[in-house]
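Q: The structure is given below, and queries will be raised subsequently.
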Amino acid sequence: MKLAHLFPTFLLIALIITACCMGPSGTQSGTYSVNQEGILELDCPRCTVDETVLSVNENYTLKHMVFHSQEGDVFALAAIPPDPVAGFVLSPGAGVPKEGHQGRAEVFATQGYAYLVLDVRGNGGETGGYPMNLDLDFQKYLAGKWPQYYLSVCDVSSARIYLQGKSEIPVYATGESNGGRYAAIAAALDPGFAGYIGISTSGFSRAGDAYSGDTRKFLLSVDPVTPVEKMRGRSSWLFHAPGDPIIPCSAGEEFYTAFPLPKKFFTFNGTHGQNEETDSVILGECAQIYAPQR
C-alpha cells in the first residue's frame with residue numbers, strides 16, 4: 001500500500017580513524033525491533049570514522065568526517081573547540097547538505113560548543129540514499145532489511161557517540177524540518193543524549209493508529225510522537241515560526257504537547273528552518289546552563 005500520502009510533505013592536515021557503535025552489544029550489521037505499540041528498539045550497525053582536519057584556529061578545529069558501516073557511508077562536518085562545554089548533533093532538513101550549516105557550526109564552536117552537522121541520507125549531499133520514501137522503507141521493513149529512516153536515526157546516535165568519545169560533554173540531538181523527526185526519535189531512544197532541540201518540525205499525529213498489523217507498527221515506529229515519553233527528565237526545546245508555510249505552527253504545537261517535562265516552546269520570526277534568532281535563543285539557554293557565552 002502507498003504510505004507517503006499519510007505524511008506532510010581541502011585542506012588535508014590529518015586523517016584519524018576512530019570507532020563508534022550504538023552500544024557495547026553493537027554488531028557489524030546491527031538489529032532492530034518494533035513492539036506492538038510501535039516503539040522502535042535499535043542496535044545500530046557498528047561503524048568506524050575517518051576524520052580529515054580542514055582548518056585550525058584558536059577557537060576551533062573544522063573537520064570533515066565519514067562514518068563507515070555495512071549500511072553505507074555517512075558524511076559529516078564538525079567544528080570542535082579545544083575544551084567544549086556541550087555539543088550538538090544537527091540533522092538538517094530535506095535537501096539541505098551539511099555545508100549549508102557550516103557557518104552555524106563555526107559560530108557555535110566559537111562560543112565553546114562542539115557542533116556536528118550530518119549529511120543526511122538521501123538529502124542530495126555527499127551521503128548516498130534516496131529522499132524519504134516510506135513505501136520503500138516499509139517494503140524493507142517487511143523483508144527484515146534496514147529501512148533508511150531507521151538508519152538516519154542511527155546516524156544521529158553514532159554522531160553523539162563520536163562527540164562524546166572526544167570529550168565527555170552533554171550532547172543535544174538537534175534537527176530541523178524532517179531532520180527534526182530523526183533527531184527526536186534518536187534523542188528519545190538514546191539516553192546518552194542530554195536533550196532534544198527541534199526547529200520547524202512535527203510528528204505525524206499517530207497516523208498509524210488508523211491501520212493494523214505491520215502497517216500500524218511501522219507507521220508508529222517512524223512517528224516521533226510515539227517514543228517521546230522516553231524524554232522524561234531530559235530537556236526538549238521546540239521552535240516554530242507562526243507563518244511557517246511548510247509545516248504549520250499548529251502541527252509544531254501539537255508535537256510539543258506530546259513531550260514530557262522539562263520542555264519549552266519558542267516562536268520565532270521567520271518561515272521554515274533555523275535562523276539567527278533561533279541560534280541566539282539556543283545559545284542563550286545554554287549559557288544559563290553551562291557558562292556565559294565566550
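Q: Run Ile39 past the list (1) touching a strand residue (DSSP E or B) at 6+ places or on another chain (Cβ under 8 Å); (2) modelled with pLDDT of 95 or more; (3) surrounded by 12 or more Cβ atoms within 10 Å (Cβ to Cβ); (4) not basic (Lys, Arg) and report the number of the one that doesn't hold.
A: Answer for Ile39: the failing condition is (1).
Q: Which condition number does Ala210 fail, the rest of (1) closer than 20 Å to Ser91 by Cα; (2) surrounded by fewer than 15 Cβ atoms within 10 Å (Cβ to Cβ) being met?
A: Among (1) closer than 20 Å to Ser91 by Cα; (2) surrounded by fewer than 15 Cβ atoms within 10 Å (Cβ to Cβ), the lone unmet condition for Ala210 is (1).
Q: Of Ile197, Ile161, Ile185, which residue is of a type in the set (Val, Ile, Thr) and more than 10 Å from the chain's Cα centre (by Cα)?
A: None of the others qualify; the one that does is Ile161.
Q: Moving on to the next point. Take the residues in the range 119-132 that are touching a Gly at 6+ places or on another chain (Cβ under 8 Å) and not small (Gly, Ala, Ser); name whichever of them is surrounded by the fewest Cβ atoms within 10 Å (Cβ to Cβ).
A: Ranking the qualifying residues of the range 119-132, first place goes to Tyr130.
Q: Under 7 Å by Cβ, and 6 or more places apart or on different chains, what pairs join a residue from the range 233-251 that is at pLDDT 95 or above with one that is β-branched (Val, Ile, Thr) and in a loop (DSSP other than H, G, I, E, B)?
A: Ala241/Thr271; Gly243/Thr271; Asp244/Thr271; Pro245/Thr271; Ile247/Thr201
Q: How many residues are more than 18 Å from the chain's Cα centre (by Cα) and either modelled with pLDDT under 95 or surrounded by fewer than 24 Cβ atoms within 10 Å (Cβ to Cβ) (or both) if we restrict to the range 81-95?
A: So the count comes out to 4.
Q: Tell me, which strands (runs of 3 or more DSSP E) wholly within the range 67-125 include 3 or more residues that are touching a helix residue (DSSP H, G or I) at 6+ places or on another chain (Cβ under 6 Å) and more than 30 Å from Thr31 (Cβ to Cβ)?
A: Answer list for the range 67-125: none.
Q: For Thr201, which of the numbered conditions (1) part of a loop (DSSP other than H, G, I, E, B); (2) touching a Pro at 6+ places or on another chain (Cβ under 9 Å); (3) surrounded by fewer than 19 Cβ atoms within 10 Å (Cβ to Cβ); (4) of a type outside the set (Asp, Glu) fails to hold?
A: Here Thr201 meets the rest and fails (3).
Q: Now for a different question. So, of the residues in the range 154-187 that are under 17 Å from Tyr113 (Cβ atoms) and among the polar types (S, T, N, Q), which turns out to be surrounded by the most Cβ atoms within 10 Å (Cβ to Cβ)?
A: Here the answer is Thr174.
Q: What about Asp223, is it at pLDDT 95 or above, assigned to a loop (DSSP other than H, G, I, E, B) and of a type in the set (D, E, K, R)?
A: yes
The values are calculated or read from the model by the stated rules, or taken from the named source; none is laboratory data. The structure presented is a predicted model; accordingly, all values stated were derived computationally and were not measured. FYI the Cβ positions are ideal-geometry reconstructions off the backbone, even for glycines, and counts take in every protein chain you see.
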